[in-house]
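Student: A single structure is presented below for examination.
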Amino acid sequence: MSTPAPEDFSPPPRPRLSVEEMLAAKNTQPIRSLDDLAADTFESDEELEEFLAFTYAERHRDVA
C-alpha cells in the first residue's frame, strides 16, 4: 500500500456558509455606536503617549 503524494492530498471541502450564518453562529451583535468599540487599553495618558512615540519611532526607524 502506498501513501498518496502531498500534491494528491486535499482536505475535505468545508460547508459554505453565508456571512449572516457565520455571524449568527458566533452570536455577534451589530455595532450601534462608537462606545461599543471603546476599550480601556492604557491606564493613563502618559502610557498612551509612550506607546504612540514608540510606534512612531519603530515605523520610521529604517526610513532615514
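We did not get these values from a lab; they are worked out from the coordinates using the rules stated. No experiment lies behind these values; they were computed from the predicted model shown. FYI the Cβ positions are ideal-geometry reconstructions off the backbone, even for glycines, and counts take in every protein chain you see.
Student: Put a dot 7 Å past each Cα toward the Cβ at SER33 and ARG61; how far apart are the dots in nm?
Tutor: Result: 4.0 nm between the two label points.
Student: Run lengths n ≥ 4 of DSSP H only: what is the helix-derived mean residue ellipticity at 222 nm for the chain, with -39500 (n - 2.57) per run over all residues, to the nearest 500?
Tutor: -10500 deg cm²/dmol
Student: Which one of LEU34, MET22, PHE51 has its Cα pushed farthest toward the positive end of the charge dipole of the chain, where Lys and Arg give +1 and Asp and Glu give -1 at the Cβ?
Tutor: MET22
Student: Please work out the ratio of the alpha-carbon Rg of segment 13-64 to 2.2 N^0.38 Å and round it to two decimals.
Tutor: 1.96
Student: Is there a quick way to get the dipole size of the chain? I mean about its Cα centre, with the Cβ of Lys and Arg at +1 and of Asp and Glu at -1; what is the value in debye to the nearest 20?
Tutor: 680
Student: Angle check, please: helix 45-59 long axis (alpha carbons) against the longest principal axis of the chain (alpha carbons), in degrees 0 to 90, nearest 10.
Tutor: For helix 45-59, the angle is close to 60 degrees.
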